[in-house]
Amino acid sequence: MSEPTLGAQLAAFAVRSAKDGVPADVAASVHQRTLDVLGLCVAAHRLPTSAAAIAHVLDQGGHQQATIVGSPTRVTAAQAAFANGVLAHSLDYDDTHLPSVLHPSASVVPAALAAAEHAGASGELTVRAIAVGLEVAVRLGMAGYDQELGNSVFFEHGQHATSITGAMGSAVAAALAYGLDEQGVLDALGLTASMASGIIEANRTGGTVKRLHCGLAAQAGVNAAQLVRRGFTGPPTVLEGRFGFFQAWLHGQFFPDAVTDGLGSDWSVPGIFFKPYPANHFTHTTVDAGRAFRERGITPDQVAKVVVGVAGSTVRTIGEPIEVKRTPETGYQAQFSGPFAFATGLLGGGGLGAALDDYSDALATDPARRELMAKVDVVADERCNEIYPFQFPAVVTLTTTTGEVLVEEVLTNRGGPARPLSDEELATKFSDNVTGRLSDTAAAAVRRDVLDLQGAGDVARVLSPLAAPLAAMSTLIPAEESK
């Protein structure tokens with residue numbers, strides 16, 4: 001008897017977990033990630049691109065099946081998944097798995113919630129579906145992680161693993177919410193592989209297309225599960241086949257053991273890194289280094305030169321072209337700037353150390369920050385290369401105007417297993433994201449009900465406080481970046 005295909009093994013794991021449950025720490029992590037995503041969806045309403053995505057969805061019309069966060073008009077499940085996925089990823093504040101370097105929750109959670117609301121699935125099943133969808137996304141991402149290369153093959157090819165494997169995880173989560181069996185889950189993977197996509201050039205040179213990626217992934221997953229319900233099928237060898245997922249995306253350079261080793265017993269979900277700061281994750285340890293210099297009493301007028309040492313693979317995202325990274329024109333560009341991250345840390349930010357208000361257009365072009373950023377170089381550091389991509393470390397060397405050389409090493413990321421955010425810190429992040437848009441009563445209800453999602457009879461009731469127009473706030477981060 002031949003061994004089941006990789007897709008069949010994932011499908012069996014998915015259905016078994018939906019039936020038998022997931023470990024308590026995995027379920028607890030899902031609750032926190034769901035709350036994190038919903039807070040981000042609320043916060044993202046400040047963006048013109050969010051308004052554009054929601055308006056695009058509302059123009060489509062259709063049956064009222066699921067909730068868009070911040071909209072009183074219910075839409076089809078696939079449309080809700082798209083809109084909420086766009087919202088969840090648009091602020092670059094969503095969680096990250098390492099070393100695959102992908103953001104799984106921003107697609108999987110919206111897809112699962114939309115499908116569950118449409119299907120009338122219980123909160124218990126929804127938590128299990130999210131857990132399995134996250135696990136599948138991460139494992140497929142890890143199948144593209146080359147240990148010798150020390151990086152994701154997806155990333156090296158310019159592909160956004162977040163949207164590619166996120167679509168696959170979303171499909172599994174949606175399939176479970178709709179009650180599909182093993183064959184149905186496998187078919188959903190088979191269909192979604194023809195929809196998954198995403199490139200990351202916008203990280204380097206601008207454009208807002210990346211904000212769409214998790215929405216498109218979530219939408220693809222829900223569409224695939226619905227089409228399977230209507231009889232469409234996919235290839236059983238969708239992953240490892242000669243013309244399958246790994247051949248198409250990775251040119252056959254993949255690691256199948258990452259998909260199956262410990263499947264069902266070793267869960268990746270609790271180890272996914274929460275983001276404490278609303279910026280590209282590569283910049284976070286540089287923010288921390290800036291904060292550490294600030295705590296040592298260093299002020300901007302004392303700075304003569306700063307060298308931010310990071311893993312070589314991240315320099316092209318946060319340090320190139322250096323002229324652009326030193327002079328971001330928008331808050332969105334600033335989120336991908338190593339020099340701006342250092343300035344934010346040194347000058348002091350809000351929230352957990354850097355908040356959404358710290359990435360405004362006004363601060364991106366602030367003369368004091370520009371003066372400081374002009375002194376910052378971003379270079380490859382060998383010690384950081386050895387650690388990356390299991391962490392995104394920074395070794396920051398600061399030379400003062402008196403010639404003193406000071407060094408801050410931040411070798412682990414805050415929000416990951418080595419430096420976890422506490423429940424109180426995650427609550428602070430949620431509160432910061434919804435303050436001024438949700439009433440205190442609504443915010444408390446969402447937090448209470450999401451953290452008890454397993455006990456909910458249905459998802460619609462949990463989402464109901466979010467199914468209303470949100471209070472207006474000023475736009476802090478614009479839709480358009482300079483090209």
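The values are calculated or read from the model by the stated rules, or taken from the named source; none is laboratory data. Computed from a predicted model, the values in this text were never measured in an experiment. Cβ sites come from the backbone with ideal geometry, for glycine too, and all protein chains shown count toward neighbours. Just the protein is used for accessible areas: all its heavy atoms, side chains included, with ligands, DNA and RNA removed. Shrake-Rupley method; radii C 1.70, N 1.55, O 1.52, S 1.80 Å.
The table below gives the values:
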quantity: Calculated P(r) of the range 77-177 - Cα pairs past 18 Å, %; calculated: 44
quantity: Cross-link partners of residue 305 among aspartates and glutamates (Cα-Cα below 13 Å; sequence separation of 8 or more within a chain); calculated: 371, 377, 404
quantity: Protection proxy ranking, peptides 117-125, 359-367, average beta carbon neighbours within 10 Å, highest first; calculated: 117-125, 359-367
quantity: For the chain, size of Cβ-based charge dipole, Lys and Arg +1, Asp and Glu -1, in debye; calculated: 840
quantity: Percent of beta bridges antiparallel (DSSP, the chain, rounded to nearest 5); calculated: 75
quantity: The range 382-428 versus the range 254-332: alpha-carbon centroid distance in Å; calculated: 8
quantity: Label point 7 Å beyond Cα of residue 458 along Cβ direction - residues of the range 60-101 with amide nitrogen under 14 Å; calculated: 64-67
quantity: Tensor-based shape of the range 336-412 (alpha-carbon gyration tensor, a/c under 1.5 rounded, otherwise prolate or oblate); calculated: oblate
quantity: At least 27 Å along the helix axis (C-alpha) and Kyte average at least -1.0, DSSP helices within the chain; calculated: 24-43, 123-142
quantity: Positive-pole candidate from 456, 343, 356, dipole of the range 337-483, charges at beta carbon; calculated: 456
quantity: Cα coordinate range in the range 157-288, projected on the principal axes (Å, largest first); calculated: 49, 35, 30
quantity: Relative contact order for the range 1-132, counting Cα pairs under 8 Å that sit 6 or more residues apart, in percent; calculated: 28
quantity: Heavy-atom surface of the chain, accessible at 1.4 Å and reported per residue (Å²); calculated: 35
quantity: Rounded if a/c under 1.5, otherwise prolate or oblate - the range 31-107, Cα gyration tensor axes; calculated: prolate
quantity: Nearby lysines by direct alpha-carbon distance to residue 210 (threshold 25 angstrom, same-chain neighbours under 8 apart not counted); calculated: 275, 325, 429, 483
quantity: List 428, 402, ordered by accessible area with a 1.4 Å probe, largest first; calculated: 402, 428
quantity: Leading residue at positive end of dipole, the range 213-333 (Cβ point charges), from 268, 228, 244; calculated: 228
quantity: Amide H within-cut-off set for residue 102, under 5 Å, with H built and near neighbours excluded; calculated: 97
quantity: Kirkwood hydrodynamic radius (C-alpha pairs) into Stokes-Einstein, the range 233-283, 25 °C and 0.890 mPa s, D in µm²/s; calculated: 176
quantity: Highest-first arrangement of 142-153, 390-401, 94-105, where packing means the average Cβ count within 10 Å; calculated: 94-105, 390-401, 142-153
quantity: Amide hydrogen neighbours beyond the local backbone of residue 435, cut-off 5 Å, H modeled; calculated: none
quantity: Distant-in-sequence amide H partners of residue 309 (H built 1.01 Å from N, under 5 Å); calculated: 379, 395, 396, 397
quantity: Given charges at beta-carbon only (K, R positive; D, E negative), |dipole| of the range 200-317 in Debye; calculated: 480
quantity: Efficiency of FRET between residue 146 and residue 323 - r from beta-carbon atoms, R0 35 angstrom, step 0.05; calculated: 0.65
quantity: Förster-model FRET efficiency, 35 Å R0, residue 197 and residue 19, C-beta, rounded to 0.05; calculated: 0.65
quantity: Rel. contact order, % - alpha carbon contacts under 8 angstrom, at least six apart, the range 120-169; calculated: 41
quantity: Residue list for the range 84-124, given a label point 7 angstrom along the Cα-to-Cβ vector of residue 227 and an amide N cut-off under 16 Å; calculated: none
quantity: Inter-probe distance in nm under a simple model that places probes 7 Å from Cα toward Cβ, at residue 183 and residue 301; calculated: 7.7
quantity: Value of Rg/Rh across the chain [Cα atoms, Kirkwood radius]; calculated: 0.97
quantity: Length-normalised contact order for the chain - Cα pairs under 8 Å, 6+ apart - percent; calculated: 21
quantity: Estimated vicinal HN-Hα couplings, Hz - the range 62-76 in sequence order (Karplus 6.51, -1.76, 1.60; Gly, Pro = x); calculated: x, 5, 8, 10, 8, 9, 8, 4, x, 10, x, 8, 6, 9, 5
quantity: Cβ crowding within 10 Å averaged over residues, with 430-440, 38-48, 76-86 ranked highest first; calculated: 76-86, 38-48, 430-440
quantity: Top positive-direction residue, dipole computed over the chain with Cβ charges, set 218, 28, 168; calculated: 218
quantity: Kirkwood-based shape ratio for the range 338-483, expressed as Rg/Rh from alpha carbons; calculated: 1.06
quantity: Whole-Hz ³J(HN,Hα) from phi, Karplus 6.51 cos²θ - 1.76 cosθ + 1.60, for the range 241-250, glycine and proline x; calculated: x, 4, 10, x, 4, 6, 5, 5, 8, 10
quantity: Per-residue ³J(HN,Hα) for the range 363-370, Karplus 6.51 cos²θ - 1.76 cosθ + 1.60, θ = phi - 60°, Hz, x for Gly and Pro; calculated: 6, 4, 10, 4, x, 5, 5, 4
